[in-house]
Amino acid sequence: MKKILIIALLVFAVSCAKKYTKPYDEPARAPEEPISEETIEIEEEQVEEVEIPRDQRIEEEDMASREMTAEEKAQQIFQDILFDYDKYDIRAEARPVLDSVASFLNDEKDLNIAIEGHCDERGTNEYNLALGEKRANSTKNYLVSLGITPDRITVVTYGEEKQLCVDQNEDCWQLNRRAHFVVLK
Amino acid sequence: MNTNIRLQITDCRLQTIDSRLETYTGKALRTDNTHKFFLFFVCVLYSVFFVLSNADAKIYIDITSPGIRQLPVTVTAKGTARAKELEWIAKADLEATGMFSFVDPDVPGAEIIADMDVDTHNGLQVVLSVIDQIEGREVLKKRYDASKLIIRPMAHSIANDIYKVATGKKGVFRTRITYLSTLPSGNKGISLMDWDGFNSVRIVTRGLNSSHSWTQDGKYLLFSAERNRKWRIYILDLKTLKESILYSSKGLNLVGGTSTDGLVSFSSSRDGSSEIYSINTFGKKMKKLTRSFGIDLSPVFSPDGEKIAFVSDRSGGPQIYTMDANGKSINRLTFEGSYNTSPAWSPDNKWLAYSGRIDGKNQIFVVKSDGSETWQITMTGNNESPSYSPDGLFLAFDSDRDGERSIYIMRNTGEGQRRITKKGSQAMSPRWSPYFNE
């Protein structure tokens with residue numbers, strides 16, 4: 001019974017966390033003992049209200065945990081790959097990232113991705129759109145060469161329209177000359 | 001010999017109303033103050049009655065001859081309090097051309113005296129009288145009658161008439177400029193303003209917008225926008241502000257320019273690499289004009305419709321090329337520097353303005369369309385996206401010389417450079433309208 005209660009609480013907490021993300025509220029409350037007693041009471045009341053069959057609860061929990069891991073995995077793997085000025089060929093140092101993106105896509109057959117091509121601000125807007133597209137396409141082609149179906153990859157260019165960094169130096173320009181991966185839902 | 005002419009003129013202008021909408025959502029009772037802009041046309045009917053005192057008008061300034069002199073003029077307005085406003089706006093228009101020097105009314109020396117008699121009691125009525133001081137006769141008398149107090153367009157019309165008397169040419173003071181403006185979301189929308197930067201209104205607020213081009217009749221704007229990760233070409237009716245898709249395919253589709261016979265040039269990467277195409281304004285009769293491995297884009301028709309200038313990186317970096325309108329006889333035009341983009345034709349087909357990279361900055365250059373002569377006409381900051389006025393006298397462009405990018409204008413020689421949008425307005429890529437039928 002206790003386990004079920006805890007699971008129910010967890011489910012409630014997870015569903016709560018999805019709606020209102022208030023990471024700063026909870027640690028502030030925790031140290032104060034009297035208040036933590038009160039919260040326990042409230043939680044008990046709420047448990048009574050939650051009347052979800054056990055199977056469904058477990059299913060929900062499974063779903064939630066699976067989603068989290070896929071997203072977490074994507075977050076770890078989907079690092080931007082960077083390009084040289086006015087170039088769109090894949091650098092050697094980008095290959096390990098692309099290899100992991102490909103194996104991730106092999107594991108997660110249901111997921112599709114978009115590749116966004118970006119440029120630094122020094123070029124002119126229209127030419128940068130074309131250049132950004134070239135970068136996104138060469139990234140896509142590399143993944144396709146590793147066996148990923150082309151249909152699973154959408155390509156879009158943003159040229160110099162979405163800058164990560166706005167300083168006028170090479171470090172910043174380098175961060176902006178990138179291909180960025182996004183999981184499509 | 002006097003010619004009496006009566007005209008009825010409808011002046012239609014976009015106006016903006018700013019209203020605040022409050023939305024309450026959920027338990028949290030969140031309040032959003034959203035600015036909603038409604039655009040609508042206000043049409044003011046005004047009649048013009050004018051007398052041209054002789055049919056063969058004398059030309060005071062021959063703008064086709066090199067080293068033109070400045071014509072000394074006196075421009076005054078009298079009447080109600082708003083009269084001075086009319087005077088200032090008209091004078092600013094004329095001054096921008098660099099062709100006039102202004103002489104105070106009580107000082108002798110003016111060859112032409114333009115006098116406005118202004119009445120604002122019921123709408124706006126102006127009687128303009130232009131006198132040739134040397135010959136001592138009135139060369140133009142014109143009455144303007146507007147049902148509403150529309151100071152700025154009236155002043156621009158008057159400036160056009162004074163300019164016409166002095167040069168025999170049509171002025172551009174009633175033309176407009178579209179440009180990319182930064183929306184609160186950070187995306188770029190499209191705005192429309194008077195030639196001097198006033199009366200700016202947003203006309204496209206959806207998606208992320210890029211290249212745009214007027215149709216030659218001034219009634220439509222073609223533009224490229226990214227919405228839901230798709231870059232399409234749209235056509236916007238400037239009277240109703242209704243838009244429809246002109247061209248859609250996978251890849252990047254960017255509109256270049258339009259021709260007088262109703263063609264649109266654009267670039268598309270539908271087949272993989274970005275190539276030049278033409279299509280008509282109904283989205284039909286598409287023709288593929290280039291075939292190269294690299295990037296071909298920014299195609300613009302020459303005003304006579306014979307040629308297309310475009311950007312290609314077939315030689316390595318981006319350079320300006322020209323070709324016949326059917327894609328034949330491709331000719332490289334720029335050889336200086338490694339980054340030349342954004343070509344724009346002068347209305348007489350003789351020059352192309354473009355943006356070229358020199359010493360790490362983008363500057364505006366003009367090159368003769370046969371490649372025989374090149375001039376750099378901006379020097380400070382980054383200067384991009386040149387666009388000629390329909391008379392070829394001015395160029396609009398964007399620059400970051402004062403911080404954030406803003407729209408500037410200058411004469412085609414590089415003289416008289418000035419900012420016309422607010423400092424820090426994050427405005428770019430101006431496109432000058434054709435003449436409107438007034």
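What follows is calculated from the coordinates using simple rules that are stated; it is not laboratory data. This one's a predicted model, so the numbers in the text were calculated from it and none came from an experiment. So basically every Cβ, Gly included, is an ideal-geometry build from the backbone, and we count neighbours across all protein chains shown.
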- Computed Rg/Rh for the stretch B:243-319 (Cα atoms; Rh = Kirkwood radius) stands at 0.96
- What chymotrypsin sites (Phe, Trp or Tyr not before Pro) in the stretch B:212-315 are in a loop by DSSP, with at most 10 other Cβ atoms within 10 Å of the Cβ? B:PHE282, B:PHE293
- Message: Whole-Hz ³J(HN,Hα) for each residue in the stretch B:94-102, computed from phi via Karplus 6.51 cos²θ - 1.76 cosθ + 1.60 with θ = phi - 60°, x for glycine and proline: what do you get?
- Response: 5, 5, 4, 6, x, 9, 10, 10, 9
- Message: Over the stretch B:86-206, what is the relative contact order in percent, taking alpha-carbon pairs closer than 8 angstrom and at least six residues apart?
- Response: 17
- Whole-number D in µm²/s for the stretch B:214-278 (Stokes-Einstein; Kirkwood sum over Cα pairs; 37 °C, 0.692 mPa s): 272
- Separation of the B:ASN326 and A:LEU184 label points, Cα + 7 Å toward Cβ, nm: 4.1
- Taking neighbour Cβ counts within 10 Å as the exposure measure, how do A:ILE90, B:ILE177 sort from fewest upward? A:ILE90, B:ILE177
- Query: Rg and Dmax of the stretch A:78-184, using alpha carbons, in Å: what are they?
  - Reply: 13.3, 41
- Exposure proxy check: B:SER385, B:SER101 ranked by fewest other beta carbons within 10 Å? B:SER101, B:SER385
- Note on the structure: Here the equivalent ellipsoid of the stretch B:59-167, derived from its Cα gyration tensor, has semi-axes (largest first, whole Å) of 24, 14, 12
- Query: How much length is gained on full extension from B:PHE102 to B:ASP119, taking 0.36 nm per residue of separation minus their Cα-Cα distance?
  - Reply: 3.7 nm
- Could you calculate the FRET efficiency of B:TRP375 with B:THR80 from 1/(1 + (r/R0)^6), where r is the beta carbon distance between them and R0 is 56 Å, rounded to 0.05? 0.75
- Query: Rounded to the nearest 0.05, what FRET efficiency is calculated for B:PHE436 and B:THR205 with R0 set to 22 Å and r the Cβ-Cβ distance?
  - Reply: 0.40
- Task: Determine the equivalent ellipsoid of the stretch B:176-432 by diagonalising the alpha-carbon gyration tensor, then write out the semi-axes as square roots of 5 times the eigenvalues, largest first, rounded to whole Å.
- Result: 24, 23, 17
- Calculate the spin-label point distance for A:ASN141 paired with A:SER103, positioning each point 7 Å from the Cα along the beta-carbon direction, and give it in nanometres. 2.5
- What's the extension gain from B:THR281 to B:LYS239 if we count 0.36 nm per residue and subtract their Cα-Cα distance? 13.5 nm
- Task: Find the all-direction average of the projected area of the Cα convex hull for the stretch B:126-260, expressing the result in square nanometres with one decimal place.
- Result: 10.9
- Note on the structure: Expected sort for A:142-148, B:326-332 on mean C-beta neighbours within 10 Å, highest first, is A:142-148, B:326-332
- Query: Taking neighbour counts of Cβ atoms within 10 Å as a proxy for exposure, in what order, fewest first, do A:VAL182, A:VAL97, B:VAL311 appear?
  - Reply: A:VAL182, A:VAL97, B:VAL311
- Note on the structure: The lysines whose Cα lies under 25 Å from the Cα of B:LYS242, excluding any fewer than 8 residues away in the same chain, are B:LYS36, B:LYS188, B:LYS219, B:LYS230, B:LYS250, B:LYS284, B:LYS285
- Message: I'd like the per residue volume of the convex hull spanned by the Cα atoms of the stretch B:286-438, given in cubic angstrom.
- Response: 131
- Message: Between B:LYS422 and A:LEU164, what's the calculated FRET efficiency when r is the beta-carbon distance and R0 is 30 Å? Round to 0.05.
- Response: 0.65
- Message: With a cut-off of 8 Å between alpha carbons and a minimum separation of six or more residues, what is the relative contact order of the stretch A:78-184 in percent?
- Response: 41
- Pulled fully out, how much extra length does the chain show between B:GLU336 and B:ARG137, if you take 0.36 nm times their separation in residues and subtract their Cα-Cα distance? 66.3 nm
- Nitroxide proxy distance, nm - points 7 Å out along Cα→Cβ at B:GLN70 and B:LYS350: 2.4
